Every structure is written in C-alpha cells, then in structure tokens.
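Student: Pasting in a structure now, in structure tokens, and then I'll have a few things to ask.
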Amino acid sequence: MSEVSVQQANDRETMLIHTPFHSRSSALNKLNSWENWKGFMVAHEYDDYELEYFAIRSQTGVMDLTPMTKYRITGPDAEAYLNRLVTRDVTKIKVGRVGYTVWCNSDGQVMDDGTIFHLAEDEYRLCSYTHCIDWLMWSAEGFDVEIVDETKQVAALAVQGPTSCSCLMAMGLEGIENLKPFGLTTFPFEGGELMVSRTGFTGDLGYELWVEPALAEALWDQLFAAGKQYLIRPFGLYALDMARKEAGFIQAAVDFVPAEDQVRVGRTRSPFEIGLGWLVDFNKPFFNGRKALLKEKENGSRYRFVMLDIEGNKPANNSFILNKKGKVIGTVTSAGWCPSAKANVAFGQVDAKYGEIGEELITEIYYERELHWTKVLAKSVVVKGPMYDPPRRRATPPAPF
Amino acid sequence: MKKYDAIVIGAGHNGLTNAAYLAKAGLDVLVLEMNSYIGGATVSRELHKDWKYTNCSYVCGLLRPEINRDLELPRHGLQVVPYGGGVTFMENGDYYGNFSDHNRQHREMARHSVRDANAYERYGADVTKQTRLIRKFLLRTPPDPASWKMSDIKEMMVLAKTVMDMKTDVNFGDTLKYWTKSVGDFLDEYFESDIIKAHLGGTGIIGTALGVYSPGTAYVLLHHYMGDVDGTAGAWGFTRGGMGAVANALASSFKSFGGEIRTDAKVKQIMVRNGKTTGVALEDGTEFYADIVVSNLEAKRTFLGIMDEKDLPEYVIERAKNFKSRGSSGKVNIALDGLPTFPALPKGTPLMAGDFHFTDSLTRMEKAYDDWKDGNFSRDPYVDTLIPTLTDPTMAPPGKHMMTCFVQYCPPKIQGREWTDADRDAFGQTVIDQVANYSPDFKDLILHAEVRTPREIEAEIGLTEGNIFQGELTFDQLFSNRPFPGYGQYRGPVKGMYMCGSSTHPGGGVMAAPGANAAREILIDLKRNNTVPEGYADD
C-alpha cells in the first residue's frame, strides 16, 4: 500500500511537511514555535500558550489537526472489518456518527486509540495516533475492504470552545447548532464539501472541520472572519495538552505504549488497564484480542489507570505513586495544573490492587526552584474525573457563548 | 421563629465565603442581603439591555486559589480567565506597552530607558520577595501582639521565624520600609523614567485616599501583586460573566452545603442580650435568631450602623469612628457600539486586552490627588480602563464592547457638600474626556454609561464613603490592627458576634481570605472541626 499521491512539492525538500494551513498559521505564529507531529509542522505556541488555552475554555480556539493520521475504509465488508478490528461494537455507530475506540493485538494489548467516523453506507474514516496501515492490512485478510491513508488528502481544523458553535453559525453553517455530540454532517463549501463533526480533544464544546487541502485556506479565512466577533484565536499543541489533561483524555505514547512499539516485556497495557474497559464489548462477534481480554476479565488485570486529585499546586510529572505505607505502587504518566478546574491532576498506572475511586495515595513530587530541589509527598485521591466537565460540552443546541 | 446556628449579614463575597465554610462544617446558616441581588461589590448587572456590567470590582487576581479549589467554585460555574497586555498613554503621543512576554516587555521598557528595563529585574525580584512574605499570612489569623495566650504566642513565633528565615535576602528592616513608605519613593529607588514609574505606580493609589508620595502607598502596590492566576504571581484575570460569577459560584457552593440566602432583607440591628448576640432584626421588623452573628459589613457600618452603642465598649465606638474608610474612587461603566481605536497603538496589538492608563507621570498622579484634598474630583484623573469583552465574550452582544473605568480620585463629598446629579455627570464627562483624548472615535461609540461616585457606591452596596477596601490599607490598620487593635481576630466585642469583611485581615480586594479566616475562628470557638484550608506553601 502506498500513499495515493504526494501533494506538496516541498515534501521531498523539507524536514517537516507544511500543512495546507501553513500560510495562515505561520503568519500568526509570533513565537515561531513549532512541533514535529508525525512529520508535520504544527504550532506549539502562537503567542501565549496560557491565553491560547483560555481561548478553548472561554472563547474559541482553532488548531490545525491535519497531521492526525486518517484512513479511509470502504467496501461491502467495511463494517464487519472494523468490528473485527476494534473492541467496541461498530454496528452501533450509525451513519453520521462518530465513535471513540481502541484496538488491540491478539494479546489484548492496546495498539492505539482513535475515532471511527461513519461517513456513509460502507464508508468509514479511522483517525489514529500511530501510522498503523500495516496492522490495518493484516487485520483485513479475508474482508472485502479498501484501506487508503488519506492523511494528506484531508485538511482538518479543531474549533473548540464555548463560542465555537456561534462562530460556525456566523460562517453560514445552517443548522450546525442541532448537531449532537459525536454527530457529523456536511455542508457545500466553495464548490467542494466541508465535513463537520462535533468532536474534539479538549473536553469543551467543540467541532472538527474536514475539507480537501485546496479549500483549506478559504476555510481558515472564512472561519476567522466569522469568528472575530466571538474572539476566535489559534492555539497550539501546548494548550491542547493542558486542555486534554483537564478533560481526562489519555494520549497514546504518553499514557500508554502502542503495542506495536513495545520492545521490553510487559510495557504494554490492555484497555482495562488504561481506564478504557468501557470500550470493550464481548457481546459482539470476534475481534482482535477478544480471547486475551476475556481471560483478563476473568483473572484480573495487572495494572489500573488512576486519575489523581493531588493536593497543592506542584505538578506531579514523572512521579512515583506510593500507597499509604510508602511502598511504590506505580508511576504518573501525565500531570499538570488544571487552570479552569483549579486542580492538580495526574494520570497514573498503579498495581491493580490499588486505585479504587476515593482511595488516598501518595505522589512523590520533585520540583526545582532556582536550582534548589524539593521533594513533596503529596496526598493524592483517586477520582473518577474528569477534572473539568462543563455542561455546555453536551448541550444541543449550545448556548451562544 | 426558627433558630439558625449562624447568621451572616451581607452576601458579598466574604460573607458568602464565611457562610460556605460554616455550612460545610455542618452549621445551619442564613445569609441576609439588603439588595435584591447578591454579591455586594462582586456583581454583574444588566444595566443596559444585553450588556452585563461588572460595575464594582472588575478584575480578579487576589481570589485565593486554595478557597477557589476547596469550595469547588469551578464546578459551581466560576471561570477566571487571565488577560495580557496593558498600556499607559503619553501626552506626547507615545505609549508604554506592558507585554506579558518578559523579553518583549524588556525591549519595550528599554525604548523608554535601557537602565529601567534592567532595573525591572531587581524590582521584580524585590516585589516577589515581599509578596511571598505577605502571602504566607493571608489565610492565617494575625496574632494579638499584646496577648499572652498560647495561640497568640505561637503565631508570633511563626511570624518571627518567617522573618528570620528571610535572613539577609530581605531583612525585616526592608520589609518595614516597603510597608510604610510611599509608592513614589519606592519606585524612585529603581527607575529613572517617568512613564515607567507612572505605569507601575498606579496600583499604589487604587482605592486609597493617599497620593503617590504619601507614606503607606508602597504597601497598596504590594497588595495588588499578592494574587496569582494559576501560579503566575501578580497576574490578573477576568471572571467569565463578570465579577458576579464569583458571588454566584460561592452562593451555589454555600447552597450545596444546605445554606439559605434571603435577599431584600436589610438588617437594622444585631440583637444583644446579656452580652451575647441573639440574632438580628430587619428594617421591616422581621427577626431571625442565632447565637452566632457575623457581619460582612465594613467596620463603621457594623459598629455604628447596625449595633446599639449601649451594647458596645466605648473603646470600640471610638475606634470605629476613627477607622479610616475614606472614599476616593469612582467608576464609569460604558456600553460601546464597537471597539474604539487608539491611534497611538499598533493595529491589532495584544496590548488592547489589558489595562489602559492615561497618566504618564507621578507628578500628574500627585496633582490628581491634590484635587481630592481640595474636595474635588480629579480634573486629570488616573483611570484604570479595561475592555473585558476582548477576553470574555459573555458581556456584550457579538462585535459590541463593554468598558470599565476605575477612577482615582473622587471624593465622598464635593467641597464638603453632598454630591448632586450634575456633579456626578460632570465627573463622568471628565473621565470620558480623558479616554477620548487618546481615542477620537470613543465618544461616538458610547451607547450607555453608568457613572458611580462614592455617593452611589455607598448607597447601593453599603461601602462607607464608597471605600472599595472596606477601610484603607495603611499599615496603621493592617494585620492585627485591622480593623483596630485588640479586634484583629474576627471576634467582635460581644460574645457570638464576628466580623468577616474586608475590614478585617488581610483586607480588601476579591480575595475571600477574611471570610475564610473568620469562619475558622468561629469554628474554633464552637469546638467544631475546621473546614478552612491552609494556604499553599510558597516554594
């Protein structure tokens, strides 16, 4: 399988690929601060990460989502194939809906998490963190499906925040206010088609916009023109990371090791062990990893995902997690201060014996101030989370702000 | 009539904080508010259709993060959103822009004075040292220095140890200097440029009936740097939905613990029998009973307004009468049809999202104070102007804007006589003219303006003389002396009577610390488990 076409001439010349929004995002990137996202150049911070984060929570923030790995999966067996691939029941994701899922190897270890967009009958898009077409092709043996990597054929923007619906309405997307969470719909746009899904990685009201690359700049321009009065501004991956932790979203390759990348024994995790057991449906036909997961469900897991509400305000990055007797029972995978929730959150992996909701654990935090290191043993309570979950996230139609 | 465990008078943010902590401890608490709306000076009101006016306090930076988190105010709807930027316009057409990026700010300062840009590092470190010292005591009850009680001696030891820990970094002598000197003298020690000093100096006079060269104003500057928004010390933010969102979130938190709020309930008197409080009587004659009565009112209003002098020691009456709560500020809130342009600034600058000032030297600030001393509002006022709608989309219709102008100075009386509506309008016009000097299209964009002098502020929310801090933040009435010596621990002169407003330690601003500290003392007296959090340790 190869990529359908190489669209940008600069692909061969440059270290990082420019997305179709680059002319617009680079003009606004006052700090010239970029990140390497799967080989694409995406803003890390435009001018002030804190204000970018708060745009997501109080105004509208826009992020270039193009590098998200995207596969188009079509054919008469598309549904059956996906149902075989992933742990959740794909038949329940109707046309015009999006579903979050994980997929596992035959040992029941998580390969990746991502979203399935049911675009039309026998037509899906799978968005993932990893480049996983090899695995997708192995899993496709015996199914009548076509799988195409369309990452570069689709330009995408995340439009997130309490005024995001107002921005899209002002752009002329009629009826967008009726789109429910995890719904998707299309609009004619500049002679082409604009797909909008009510999805996101921020835990706030938000949408994702998908178009062909040729329309990308027009989309950006119209969106920003319409959104000006709703205080639209771009945000980078730094702000996204703050928002996703507050929203309780785990991140592949940060909070778990994609199973295909594992070298050392025992470093991967099952869906149950990363808090995504709710995505495993044993009542559907056979799927990759089913046998191992069923066994795990009967015999118990090795690890447990915990979300910790940590006292004080020192972020618990790279910390050990201890039980109340001081024994090391796990480690933190993501941590940070939640600026809207005013909470100090950490995601961690602990021995499955520990980590019931409400249990009090200890996080061993080290922090440095003016070259002086201090250790804190911070009381940390296991919470259900997420730390920030505003009702507007689910409201249909959303309020104007 | 039902008897409550505690009655809190005044649904300002400190009253609500106090009530929330008492209710959280299991007490049956009633909050009484004279207005038909809650919030006191933390309020958002629709005074022009579709415009929300955050018409008293207007920015949020001092609210203690421990309290915000502990009372779960975010879950109850509170969102504090920081803003960047800030400008002081100069009479010569130039400006100083206060960028939030440190290096950008350095470059901008160097445009006015290379040496000042460098001195700012020293200034920043010194201010941080001093605020770190103060911050440690915000959520603690001040010790009574004249007491031999074990708790007071212990707290004096904590104070002594903190001072000792500072070693040579900041010696206590320096600290005393900062607490007592003028903001003008303070800034003169660091900077040479008028515009830099003017930009920084304004916070030393906000809400204070003193001039930039009056002793004590350096502390007022420090007071404004004590807060932090998410760990960025000294940072300020907007409350999404206006400052009323603070009160609403506190009220929601309070109610989640079973608390009750009654509005349109103006208290006439705290009832006392045999040296103990028994409850309160409203102006309409209704009586409510409780052994604990907490006043969120300013000290003068509490002791001279709603208590019978016969129930009070002479000392308290005398001190209350002499408590300095002088009015010196006004407010103009403006609905705008669009965003005004300021030709001095580069187009699209992020500076617009911050606070604007129009006084480019300490001399002009001092002259503004001279007018106040003469019993007039300043003809060339110091104005702290913000356009929250550049950050908060909830305050005005899309594309429209709301402007808040805090004005220093504005006297409680004009030349010793009462304000008239004509005086008020002239004051408003002076402020509008000051902004319009730098924005030619500003006046044409005005749809509605609310002008508030000390007269309106006192009449509407009950702050004596319109003093925004419930008493000036001068060293003679701070810490254990707030509101007066011997009464710095939230307990009133009558058993069961307490104070929880900004007239108590650590003073004014939307901080919620006085309310929380008072709750802790009440719970100690009731031998209940403490529900009030300790402050975050500074690192």
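Student: Taking other Cβ within 10 Å of each residue's Cβ, how do B:L47, A:L16 sort, fewest first?
Tutor: Placing the least packed residue first, the sequence is B:L47, A:L16.
Student: Find the all-direction average of the projected area of the Cα convex hull for the protein assembly as shown, expressing the result in square nanometres with one decimal place. Mind dumping the intermediate values first?
Tutor: On the way: hull surface 164.7 nm².
Projected over every direction and averaged, the Cα hull of the protein assembly as shown covers 41.2 nm².
Student: Can you figure out the FRET efficiency of A:E123 with B:K49, using R₀ = 41 Å and their beta-carbon distance, to the nearest 0.05?
Tutor: The computed FRET efficiency comes out at 0.25.
Student: Moving on. Just subtract the alpha-carbon distance of A:A214 and A:T396 from 0.36 nm times their residue separation and send over the number in nm, one decimal. Write down the numbers at each step before the final one.
Tutor: Values: separation 182, 0.36 × 182 = 65.52 nm, distance 3.14 nm.
Value of the extension gain: 62.4 nm.
Student: Kindly state, to the nearest 0.05, the FRET efficiency for A:T331 paired with A:E190, given R0 = 35 Å and r defined as their beta-carbon distance. Can you show the working numbers first?
Tutor: Numbers: r = 49 Å, r/R0 = 1.39.
The pair A:T331/A:E190 has a calculated efficiency of 0.10.
Student: Arrange the following residues from fewest to most other Cβ atoms within 10 Å of their Cβ: B:T128, B:T404.
Tutor: B:T128, B:T404
Student: Evaluate the distance, in nm, between pseudo-label points positioned 7 Å from the Cα of B:R115 and of B:Q415 along their respective Cα→Cβ axes.
Tutor: 4.5 nm
Student: Can I ask one more? Between B:W148 and B:D308, 0.36 nm times their residue separation minus their Cα-Cα distance comes to what?
Tutor: Stretched fully, the B:W148-B:D308 segment lengthens by 54.5 nm.
Student: How many angstrom separate the Cα center of the range B:321-381 from the Cα center of the range B:36-89?
Tutor: Their Cα centres are 20 Å away from one another.
Student: Say the cut-off is 23 Å between C-alpha atoms; which of A:K245/A:K384; B:K3/B:K255; A:K342/B:K400 go over it?
Tutor: Details: A:K245/A:K384 13 Å; B:K3/B:K255 18 Å; A:K342/B:K400 30 Å.
In this structure, A:K342/B:K400 exceed 23 Å between Cα atoms.
Student: Now a separate question. Between B:Q429 and B:N274, what length in nm is gained on full extension when 0.36 nm per residue of separation is reduced by their alpha carbon distance?
Tutor: Taking 0.36 nm per residue and subtracting the Cα distance, the gain is 50.5 nm.
Student: So what J values fall out for the range A:20-36 if you push phi through Karplus, 6.51 cos²θ - 1.76 cosθ + 1.60 with θ = phi - 60°, rounded to Hz, Gly and Pro as x?
Tutor: x, 9, 4, 4, 7, 5, 6, 5, 9, 7, 5, 8, 6, 10, 10, 10, 9
Student: Over 20 Å between Cα atoms: which of A:K327/A:K353; A:K314/B:K161; B:K24/B:K300 fall into that group?
Tutor: Long pairs (Cα-Cα over 20 Å): A:K314/B:K161; B:K24/B:K300.
Student: Right, here's the next one. Just to be sure I understand the model, the point goes 7 Å from the Cα along the line to the Cβ. What's the resulting B:K321 to A:K38 distance in nm?
Tutor: 7.8 nm
Student: Continuing with this model, one more query. Summing +1 for each Lys or Arg and -1 for each Asp or Glu, what net charge is found among the other residues whose Cβ lies under 15 Å from the Cβ of B:P143?
Tutor: Value of the local net charge: +4.
Student: Same structure, new question: Straight-line reach only, C-alpha to C-alpha below 12 angstrom: list the aspartates and glutamates that B:K268 could link to, leaving out same-chain residues fewer than 8 apart.
Tutor: B:E33, B:E283, B:D284, B:E287, B:D308
Student: Cα axis of helix B:244-256 to longest principal axis of chain B: angle in degrees, 0 to 90, nearest 10?
Tutor: Long axis of B:244-256 versus the principal axis of chain B: about 30 degrees.
Student: Once the Cβ-Cβ distance between B:K373 and A:K384 is put in as r, and R0 is 35 Å, what FRET efficiency do you end up with, to the nearest 0.05?
Tutor: Numbers: r = 60 Å, r/R0 = 1.71.
The formula returns an efficiency of 0.05 here.
Student: Check each of the chymotrypsin sites (Phe, Trp or Tyr not before Pro) in the range A:65-107 and keep only those in coil by DSSP with at most 11 other C-beta atoms within 10 angstrom; list them in order.
Tutor: Here no chymotrypsin sites (Phe, Trp or Tyr not before Pro) fit, given the DSSP loop and packing criteria.
Student: With each pseudo-label sitting 7 Å past Cα toward Cβ, what's the A:R12-B:T286 distance in nm, one decimal?
Tutor: Between A:R12 and B:T286, the simple spin-label model gives 8.3 nm.
Student: Quick query: amide H of A:T331 versus all other amide H atoms, modeled in the peptide plane; which residues come in under 5 Å with a sequence gap of 5 or more or a different chain?
Tutor: Hits under the 5 Å cutoff: A:I321, A:Q349.
Student: Taking every residue in B:72-82, how many Cβ atoms of other protein chains lie within 10 Å of its Cβ, on average?
Tutor: Average per residue, whole number: 5.
Student: Counting each pair of different Cα atoms once, what's the Kirkwood radius of chain A in Å, rounded to one decimal?
Tutor: 22.1 Å
Student: Would you please put A:173-180, A:192-199 in order of how densely packed they are, using the mean number of other Cβ atoms within 10 angstrom per residue and starting with the highest?
Tutor: A:192-199, A:173-180
Student: Could you work out the mean count of beta carbons from other protein chains within 10 Å of each residue's beta carbon in B:395-401? Walk me through the numbers before you get to the answer.
Tutor: Details: counts 1, 0, 2, 11, 4, 1, 0.
Averaged over the peptide's residues, the number is 3.
Student: Next up: Report, by chain and number, residues whose modeled amide H sits under 5 Å from the one on B:F469, excluding near sequence neighbours (fewer than 5 apart, same chain).
Tutor: Answer set, sorted by chain and number: none.
Student: How long are the semi-axes of the equivalent ellipsoid of the range A:302-384, defined as square roots of 5 times the Cα gyration tensor eigenvalues? Whole Å, largest first.
Tutor: 20, 15, 10
Student: Can you give the average number of partner chain beta-carbon atoms within 10 Å of each beta-carbon in peptide B:301-308, as a whole number?
Tutor: Average per residue, whole number: 0.
Student: What order do you get for B:240-248, A:260-268 when each peptide is scored by the mean count of other beta carbon atoms within 10 Å, highest first?
Tutor: B:240-248, A:260-268
Student: Counting other beta carbons within 10 Å of each Cβ, put A:V383, B:V212 in order, fewest first. Don't jump to the answer; show the numbers that get you there.
Tutor: Numbers: A:V383 17, B:V212 30.
Listed from fewest to most nearby Cβ atoms, that is A:V383, B:V212.
Only the coordinates and a few stated rules stand behind these numbers; no lab work does. Just so you know, these numbers come straight off a predicted model, no measurement behind them. Because the Cβ atoms are built from the backbone with ideal geometry, glycine has one as well, and the counts that use them run over all protein chains shown.
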